Amino acid sequence: MSGPFPRAPLSHPLDRRWLHYAFLSRQGGQAIIANLSVLGASTGVVSGEPGAVGCEGEATGGTGPEPQRMAILLVHQEGRGWSSSQFNAEQPSVPWSAFRLPRPRPHGSRGPEDGFRVAGRGGGPEVDLRLRRTSRSCTSQCAPFGDGEHLRWQSEPGILATGTLRWSRAEAGGDDAARHTDLIGYHERVRGRWSWPALGGWVFGFVNDPGGDPTGPPPSAVVFTLIQPTRPSRPVDAANGSVMLWRDGRLVRHFPRRSLRITVQDTLARDQVVLVPPLAQMLGTAPAAAVPRRLLITARMGEDRLVMDFRARTAGRIANPSETSLNPFSVHETLGECEVDARVSGRRTSFSAIGIVEYAGGASGE
């Protein structure tokens, strides 16, 4: 298989590639989030064999520095809260991805590429899932900013996941038995070159309608993105935001940034935000800006419109190290109720479900 990224070396220390996976149980009581990342190396360690290709598809070249790889797993259970691995979670050598070629077909038979296991080391949380895509991805979008920096992403909702979830032994009270889980979610690939201060921040999120055939694509799904660089993007009409609507697995409307209005209201209580990974609490991590409790997105293009109303109820704050400053860069994975109401091509779409919104920004608290 080829991909999910081009077979090209990471030629700069700030070159980045991420695979993001996020799943929710259909009743909303359980969430699983995994981030697998590769960052261009800055010094020294030489990769093993000439022409080797890393697990994310990048050619290491054999004589250059070895890229830095990290993986983190978060799980949330209603009534139990958040659990997280460190940044060194075990990950597949060839991660499952809907963006590999040839792509796994919607409704196709399951094969060995469907396996996906991420596990915290030393008794941390663990998921062992079988993944299957039911939908088609959106087109790739790219936002340039800063001095030659950019962020490129591509999204796909309607990913089905079945398998087992095992909590960390300490948080499970000694009961580390694997529990069956059945979820629906979202997958994304992100690549580019950026430093956290220049990036500024982003807001990503998704919601799937959990109704309909549990083995097929969700009746409707919404994905939105908003990049917030510290300096204006160039060109000024760069694709730094969008809202997309899927029906039955196919993208039917892409609202660009100029068609969006985004409003926030109130803030999520601090005691509803949990700092992860566990070692972050030992590092004197600086306070982060408050997380919005309510996010309202309104999109309109001609006669088509979409309103998404997200109300956060809890967040796991991932404290990421910054390669260019002393302050960490925080990613808040927030869970909450989401209401969607849209009219596209004369057809109305309306549903309510649990969604995930990701807020990212500096950790200065300003």
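Selection of region 287-300 for residues being in contact with a Phe, Trp or Tyr (Cβ under 8 Å, 6 or more places away or on another chain) and either open to solvent by 60 Å² or more (accessible area, probe 1.4 Å) or among the β-branched types (Val, Ile, Thr) (or both) yields Val291, Ile297, Arg300. Kindly indicate the residue of region 1-40 that is part of a loop (DSSP other than H, G, I, E, B) and small (Gly, Ala, Ser) and also most open to solvent (accessible area, probe 1.4 Å) among those meeting that condition. Among residues in region 1-40 that are part of a loop (DSSP other than H, G, I, E, B) and small (Gly, Ala, Ser), the one most open to solvent (accessible area, probe 1.4 Å) is Ser11.
When each of Leu73, Leu129 is tested for being under 27 Å from Leu226 (Cα atoms), buried (at least 22 other Cβ atoms within 10 Å of the Cβ) and modelled with pLDDT of 95 or more, the lone residue that passes is Leu73.
Among residues of region 330-342 that are under 15 Å from Asp209 (Cα atoms), those with a Cβ under 6 angstrom from a residue that is crowded, with 24+ Cβ neighbours inside 10 Å and not hydrophobic (A, V, I, L, M, F, W, C), sequence gap 6+ or separate chain, pair up as Cys338/Gly355.
Within region 191-221, restricting attention to residues that are open to solvent by 10 Å² or more (accessible area, probe 1.4 Å) and among the aliphatic types (A, V, I, L, M), the residue that is nearest to Val252 (Cα to Cα) is Val203. Residues in region 250-273 that are out of contact with any His (no Cβ under 9 Å at 6 or more places or on another chain) and over 20 Å from Ala299 (Cα atoms) were compared, and the one that is least open to solvent (accessible area, probe 1.4 Å) is Ala269.
What number goes with the only condition from (1) in contact with a Leu (Cβ under 6 Å, 6 or more places away or on another chain); (2) in contact (Cβ under 8 Å) with a residue 60 or more places away in the chain; (3) within 30 Å of Ser345 (Cβ to Cβ) that Arg247 does not pass? Only one criterion in (1) in contact with a Leu (Cβ under 6 Å, 6 or more places away or on another chain); (2) in contact (Cβ under 8 Å) with a residue 60 or more places away in the chain; (3) within 30 Å of Ser345 (Cβ to Cβ) is unmet by Arg247, namely (1). Filtering Gly346, Gly284 for residues that are free of Cβ contacts under 8 Å to residues at least 24 places away in the same chain and on the phi > 0 side of the Ramachandran plot leaves a single hit, Gly284. Taking Gly284, is it of a type outside the set (Val, Ile, Thr), farther than 25 Å from Gly81 by Cβ and surrounded by fewer than 16 Cβ atoms within 10 Å (Cβ to Cβ)? Criteria not met by Gly284.
Just one of (1) under 26 Å from Gln77 (Cβ atoms); (2) over 20 Å from the mean Cα position of the chain (by Cα) fails for Gly336. It is (2). Taken together, the residues in region 306-356 that are closer than 30 Å to Gln86 by Cβ, open to solvent by 50 Å² or more (accessible area, probe 1.4 Å) and in contact with a Ser or Thr (Cβ under 6 Å, 6 or more places away or on another chain) amount to 2.
Among the residues of region 66-86, those that are part of a loop (DSSP other than H, G, I, E, B) and either small (Gly, Ala, Ser) or touching a helix residue (DSSP H, G or I) at 6+ places or on another chain (Cβ under 7 Å) (or both) comprise Gly79, Ser85, Gln86.
The values are calculated or read from the model by the stated rules, or taken from the named source; none is laboratory data. Just so it is clear, the structure is predicted and the values come from calculations on it, not from any experiment. So basically every Cβ, Gly included, is an ideal-geometry build from the backbone, and we count neighbours across all protein chains shown. Ligands, DNA and RNA are stripped out before the accessible areas are found, and what is left, the full protein with its side chains, is counted by its heavy atoms. Shrake-Rupley method; radii C 1.70, N 1.55, O 1.52, S 1.80 Å.
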